[in-house]
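Have a look at the structure below, then the notes.
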Amino acid sequence: MKQLITTLGRLGKDELGMILPHEHVFVDLRTPDQAGYAEAETADVVALMAPQIAAIQRQGITALVECSTGGVGRRADIDLAVSQATGLPIVVPTGNYREPWIPHWIRSASGDALEAWMVGELTGQIEESGVTAGWIKLSAGDDGITALEERILRAAARAGQQTGAVIGSHTIAGRVVMDQLDIIEDEGYRAERFISIHTQAEPDFGLHQAVAARGAWIEYDHIGRDPDAEVCALILRALGAGLGGQLLLSHDLGWYDPAQPGGGTPRPYTRLVEVMLPMLRDAGVSQEVLDGLTRDNPFAAFAR
């Protein structure tokens with residue numbers, strides 16, 4: 001039976017309700033070679049982010065997927081502390097972001113070494129945090145995947161094949177997503193275990209359909225960042241096109257930023273439940289479909 005691998009252990013579908021599949025607790029968008037990168041006092045992060053977590057728990061959110069991967073401030077130990085302080089399970093990734101957010105050791109590592117590293121985090125623990133990675137988070141540049149990004153992706157595909165982990169990629173251009181799917185399949189993994197993150201940023205809706213036709217998940221993660229009416233219209237268009245079974249919804253918000261004084265001002269993860277779900281209901285979307293979008297789909301995408 002598949003389970004969601006979280007900071008609070010392995011959880012079955014019957015133990016979970018709504019899941020937010022793309023959010024951030026802690027992010028550092030400075031490159032890893034900069035002074036102070038990803039450094040913060042754990043207690044300060046907990047103090048800033050626990051109220052944000054409490055707000056979504058009151059809405060019925062039962063788990064959150066952390067999308068900060070290697071290169072953009074991944075801190076599994078901090079995710080664990082926030083999770084333990086609030087009681088909310090968090091799903092933490094292995095993997096690394098795109099260039100130039102790639103540390104030297106990854107630049108110089110072989111594909112086999114990268115694969116072994118990801119498998120180790122997906123089956124053991126991330127660094128010495130005690131947290132097992134639940135999924136693989138990558139990225140690719142808008143102008144096409146670079147040789148280094150391809151090496152990381154190929155290693156991720158082999159790691160996914162061994163563990164069943166889903167691969168999610170911050171990739172804006174739909175044509176680049178299609179290239180990524182080709183690479184994943186070339187390595188023997190399945191497009192069904194890929195999430196096209198930020199699908200909404202691709203202006204050609206035909207490419208949303210094309211990615212889904214390959215079997216991949218598409219993700220609209222701009223709730224609370226773009227006008228509600230525009231977001232709702234895009235979701236309704238996807239549902240009308242029969243893409244609801246492969247659609248993930250989230251905000252891509254948060255977070256504690258160590259580059260900002262006091263961690264900055266987090267943006268809440270609440271608009272999906274507070275605004276978007278009522279708008280979709282008013283537009284005639286059934287509760288069964290909404291449950292699929294907020295419960296069934298995120299679990300199916302990330303569980304293994």
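Points to keep in mind about this one:
- Annotation note: of 122, 207, the sole residue that is modelled with pLDDT of 95 or more and open to solvent by 20 Å² or more (accessible area, probe 1.4 Å) is 207.
- Any hit, the range 272-288, residues being without any contact (Cβ under 8 Å) to a residue 40 or more places away in the chain and hydrophobic (A, V, I, L, M, F, W, C): yes
- In the range 93-108, the condition of being touching a strand residue (DSSP E or B) at 6+ places or on another chain (Cβ under 6 Å) and more than 25 Å from residue 157 (Cβ to Cβ) is met by no residue.
- Only one of the listed residues (240, 245, 215) is touching a residue at least 40 places away in the same chain (Cβ under 8 Å), more than 12 Å from residue 23 (Cα to Cα) and surrounded by fewer than 23 Cβ atoms within 10 Å (Cβ to Cβ). That residue is 245.
- Looking across 109, 113, 140, one residue alone is loosely packed, with under 14 Cβ neighbours inside 10 Å and small (Gly, Ala, Ser). It is 113.
- Residues (among the small types (Gly, Ala, Ser) and not in a loop (DSSP other than H, G, I, E, B)) located in the range 220-277: 229, 233, 238, 240, 244, 245, 254, 262, 263
- Restricting attention to the range 94-121, the residues that are touching a Phe, Trp or Tyr at 6+ places or on another chain (Cβ under 8 Å) and aliphatic (A, V, I, L, M) add up to 1.
- Residue satisfying condition, being touching a helix residue (DSSP H, G or I) at 6+ places or on another chain (Cβ under 8 Å), touching a residue at least 60 places away in the same chain (Cβ under 8 Å) and not polar (S, T, N, Q), within set 165, 155, 210, 191: 165
- Which listed residue, of 63, 50, is outside any loop (DSSP other than H, G, I, E, B), surrounded by fewer than 24 Cβ atoms within 10 Å (Cβ to Cβ) and either out of contact with any Asp or Glu (no Cβ under 6 Å at 6 or more places or on another chain) or on the phi < 0 side of the Ramachandran plot (or both): 50
The values are calculated or read from the model by the stated rules, or taken from the named source; none is laboratory data. No experiment lies behind these values; they were computed from the predicted model shown. Ideal geometry is used to build each Cβ from the backbone, glycine not excepted, and the neighbour counts take in all protein chains shown. For accessibility, only protein heavy atoms count, side chains too; no ligands or nucleic acids. Shrake-Rupley method; radii C 1.70, N 1.55, O 1.52, S 1.80 Å.
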